1. Restrict the check to segment 169-185 and report whether at least one residue is farther than 14 Å from A253 by Cβ, within 18 Å of the chain's Cα centre (by Cα) and buried (at least 21 other Cβ atoms within 10 Å of the Cβ).
2. Looking only at segment 1-14, which residues are part of a helix (DSSP H, G or I) and either out of contact with any helix residue (DSSP H, G or I) (no Cβ under 7 Å at 6 or more places or on another chain) or without any contact (Cβ under 8 Å) to a residue 24 or more places away in the chain (or both)?
3. Output the qualifying pairs, or none if there are none: Cβ atoms under 7 angstrom, residues six or more apart or on different chains, first residue in segment 324-339 and more than 19 Å from F270 (Cα to Cα), second residue assigned to a loop (DSSP other than H, G, I, E, B).
4. List, please: which pairs have Cβ atoms under 7 Å, are six or more places apart or on different chains, and start with a residue in segment 186-215 that is over 20 Å from H242 (Cα atoms) and end with one that is loosely packed, with under 15 Cβ neighbours inside 10 Å and of a type in the set (A, V, I, L, M, F, W, C)?
5. Please go through segment 197-248 and pick out each residue that is acidic (D, E) and assigned to a loop (DSSP other than H, G, I, E, B).
6. Please go through segment 149-196 and give me each residue that is polar (S, T, N, Q) and assigned to a strand (DSSP E or B), ordered by number.
7. Which residue out of L196, L192 is crowded, with 20+ Cβ neighbours inside 10 Å and farther than 18 Å from F258 by Cα?
8. Do we find that Q143 is surrounded by 17 or more Cβ atoms within 10 Å (Cβ to Cβ) and touching a residue at least 60 places away in the same chain (Cβ under 8 Å) in this structure?
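The values are calculated or read from the model by the stated rules, or taken from the named source; none is laboratory data. Please read these numbers as outputs of a predicted model, since none were measured by experiment. With ideal geometry, Cβ positions are generated from the backbone for all residues, glycine too; neighbour counts draw on all protein chains shown.
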Amino acid sequence: MTADQQQLVKATVPVLKEHGVLLTTHFYNRMFTHNPELKHLFNMGNQVNGKQQTALAMAVLAYAEHIDNPAVLMPVIDSIGHKHTSLSIRAEHYAIVGKHLLASIAEVLGDAATPALLDAWAIAYQQLAGIMSGHEQSLYNKQLEKNGGWTGWKPFMVKQKVQESAEITSFYLHPVDKGPVADFQPGQYISLRLFLPELNLLQPRQYSISCAPNGQYYRISVKREAGASHPDGMISNRLHDHIGEGDIVELSAPAGTFTLDPGNERPKVFISGGVGQTPLMAMLETLSAKQPDTAITWVHGCRNESVHAFKEQLATIADNHQNFNPHIFYDQPEVKAQYTGWVELSTIKQEVLQADADYYICGPAPFIAKHYGFLVENGVDTASIHFEEFGPASLQLNN
């Protein structure tokens, strides 16, 4: 790519900042019109709520801003690559996306989309596609190197379905072929795919693995979405209402970059809201079994006791591990609560702010942004703060 072409791409940054979502919305509409089979690959709920369009607009903008040194985007590329492998996106899909992305640039920008600009973006896209597909192939290869590893979709049976709270149910998933269960890093997720009659589509959804690696099964813990009549929540509710013990679901291999460093024995502070505690449960179970001396501060918030999943497990861990320090917030308590109201780290500031600790935050985007901001304002190094936002990324906190 020439310096002039890089400048042409960079010159589109102001347009992308102002009209990026308009461009990506046009792109998705165009792509699904011409290639409707790709609807089976995408979470259509995130199309309805606009999260996917926003996430792509932010990614395209970041790439344009760093077109002269895309290596600085490697952490983002790694995260997107994990998501893509969990959806079984392959190199051939990049050709389809590129075709519609370039056409969308031409159609949205109109006369401003000169032949030179389109040529520059074509080369830029080919460069990005090469980086992405190459990285994703390396991730696929690593999956295949694992004992029991696979790529694509594999059938698993629901051996147990356990109600954890009034809203959250756990599904214990065993491979139908009765082979070994591939290992994973605590904090990772799996994609689960079901057919949705309402949409006449196969639909994938990501669910955090909520147990420690055990070689026998994966456990996901799924929240029922009240009143979900749109794609966002349909898979979760279908699992609750139509999938029982003995039923078969399809899974992709574990993926994700929000993970526990197994060799790090620094104190841990886990901060979660609602079902956001699921990946942290995998981390907690792993630490309590393999590093029982690690100091753990557990901060969790939900509406009340009836919707608080894993209460008994947490109580058992608290009884058996003197270094486990839980702080539970109920904003609508039914009985006397340890803390009443939304999670406020300032309330437990002395417990939370620890020298040389690692922080893991999981929950809705506003929850993460609030507590990330508190930690940074109180001197915590951003390198020590890790977070997982459910759904397409919208937070840019570590930049």
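1. no
2. A3, D4, Q6, Q7, P14, listed by residue number.
3. Q332/R303; Q332/N304; P333/N304; E334/N304
4. Sorted first by the residue in segment 186-215, then by its partner, the pairs are A212/A289.
5. Those that are acidic (D, E) and assigned to a loop (DSSP other than H, G, I, E, B): E198, E225, D232, E245, D247.
6. Hits for segment 149-196 are Q160, Q163, T169, S170, S191.
7. Exactly one of L196, L192 is crowded, with 20+ Cβ neighbours inside 10 Å and farther than 18 Å from F258 by Cα, namely L192.
8. yes
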